[in-house]
Amino acid sequence: AEVFLKTIAGSNTISENYAFVGVHHIFDQHQAAVTMLKFANNDRARLCCISNDATISICNVLTKPPQLECILKGHHGAVTGCDWSASNDLLVTSSVDGQICVWNTSTYNCIRSVKDIVPTALLSCHFHPVNNNFVVAGNAKGHVEVLNISTGIKQ
């Protein structure tokens, strides 16, 4: 069995290949729990981190040393979800404040904020896979809503 494992893993055993060799970098920009991490689509460098401190951070994990690109502020409660648009030019976030924010990832500005008409926390959000004008959001009352972020109108 050991010979087979070495054949699969190269000259090292599988346990040697997965051995812990240290921490590459620690990002410590948030003041509360980080509840979700998401890499940009087809991009192994840009990482979005959302936090209970009401902020979103974007980090570049491949620069030497890895660096914080920005901290996005605009929510008034814990951030609960995030998603990159297909081309990574937009980022959508949801929060317990009942808001969806759409961020330009070049300027790091909030370009649209849509408040849920049902006064409850938004717990998740996701861009439509083909049309980035549409965002799907799930709230704490069990509703799934489709929002047109171009107009701010619920579909």
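Distance between the 7 Å Cα→Cβ label points at residue 136 and residue 44: 2.9 nm. Diffusion coefficient (Stokes-Einstein, Kirkwood radius over C-alpha pairs, 4 °C, 1.567 mPa s) for region 29-154: 90 µm²/s, rounded to a whole number. Annotation: amide H-H contacts under 5 Å for residue 35 (H modelled 1.01 Å from N, sequence separation of 5 or more, or interchain): 50, 51, 52. Applying the Karplus relation 6.51 cos²θ - 1.76 cosθ + 1.60 with θ = phi - 60° to region 39-54 yields 3J(HN,Hα) values of 6, 4, 4, 6, 9, 8, 9, 8, 10, 9, 10, 10, 9, 6, 7, 6 Hz, where x marks Gly and Pro.
A short reminder: the numbers here are calculations on the coordinates, not readings from a lab. Please read these numbers as outputs of a predicted model, since none were measured by experiment. Backbone-built Cβ (ideal geometry, glycine too); neighbour counts: all protein chains shown.
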